[in-house]
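The values are calculated or read from the model by the stated rules, or taken from the named source; none is laboratory data. Treat the numbers as computed from the prediction; the structure is a model and nothing was measured. Because the Cβ atoms are built from the backbone with ideal geometry, glycine has one as well, and the counts that use them run over all protein chains shown.
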Amino acid sequence: MKVTPRVGEFLVEAGAHEQPTPEGVGWIATDSGLVVIDRADGCFDVARWGKGTTEAVVLTGATRDVVDVFLVVHYGNDWRDAHGLGPLRLTDHETPLPAGFHVADGDGRRSELLVDGPPGCVLGGLQPRSARKLAHALAVPLDDLVASFQDPRGRPAFPQPAGG
């Protein structure tokens, strides 16, 4: 799967590079990263990749747009670190989920992010904290998400608290 040009540029600036793997297209930083796996149903899964092998799946059932956002969120703080900025805080436990998003228990310690339609989807395989971060990131335009990671104060989508 090809990411949008804006996302591709952002990932490269964060220190990742595109690399084919047996399972799909990987976005690798140093010797680890994420691989995007095409599914027969037109959706995508994302798995961790390290030392030449695909590891645990961390996102299932994603559309192209969701994969773009997921990669920006995953590599966003790498970008900030590479540019001398502290981490961007997208959410905390007290912040309510945006309208249309619900986190449900999945398999074991994993959660599912339920996204109201249309078309509606269930994104599985997520850590609970990752599900909340992804919901907040999906609720804003992609350009605003990227701009928030690039702005020292997290604007426009995620202004940071004073002193943090």
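Observations on the model:
- Residues that are surrounded by 20 or more Cβ atoms within 10 Å (Cβ to Cβ) and either outside any loop (DSSP other than H, G, I, E, B) or out of contact with any Ser or Thr (no Cβ under 8 Å at 6 or more places or on another chain) (or both) within the stretch 137-164 comprise ALA137, LEU138, LEU145, VAL146, SER148, PHE149, listed in sequence order.
- The residues of the stretch 69-83 that are closer than 11 Å to LEU11 by Cβ and either in contact with a helix residue (DSSP H, G or I) (Cβ under 6 Å, 6 or more places away or on another chain) or among the aliphatic types (A, V, I, L, M) (or both), listed by number, are LEU71, VAL72, TYR75, GLY76, TRP79.
- Considering GLY100, GLY125, GLY52, GLY42, the condition of being at pLDDT below 90 and farther than 25 Å from ALA14 by Cβ is satisfied by GLY42 alone.
- Identity of the residue in the stretch 40-93, charged (D, E, K, R) and in contact with a strand residue (DSSP E or B) (Cβ under 8 Å, 6 or more places away or on another chain), that ends up surrounded by the fewest Cβ atoms within 10 Å (Cβ to Cβ): LYS51
- None of ALA62, ALA16 is touching a residue at least 24 places away in the same chain (Cβ under 8 Å), in contact with a Cys (Cβ under 7 Å, 6 or more places away or on another chain) and either closer than 21 Å to GLU112 by Cβ or not hydroxyl-bearing (Ser, Thr, Tyr) (or both) except ALA62.
- When we screen ASP107, ASP92 for residues that are within 21 Å of ASP41 (Cβ to Cβ), of a type in the set (D, E, K, R) and in a loop (DSSP other than H, G, I, E, B), the only hit is ASP107.
- The stretch 72-94 residues that are under 16 Å from PRO159 (Cα atoms), paired with ones that are of a type in the set (Phe, Trp, Tyr) and modelled with pLDDT of 95 or more (beta carbon under 8 Å, 6 or more apart): GLY76/PHE149; ASN77/PHE149; ARG80/PHE149; LEU88/PHE149
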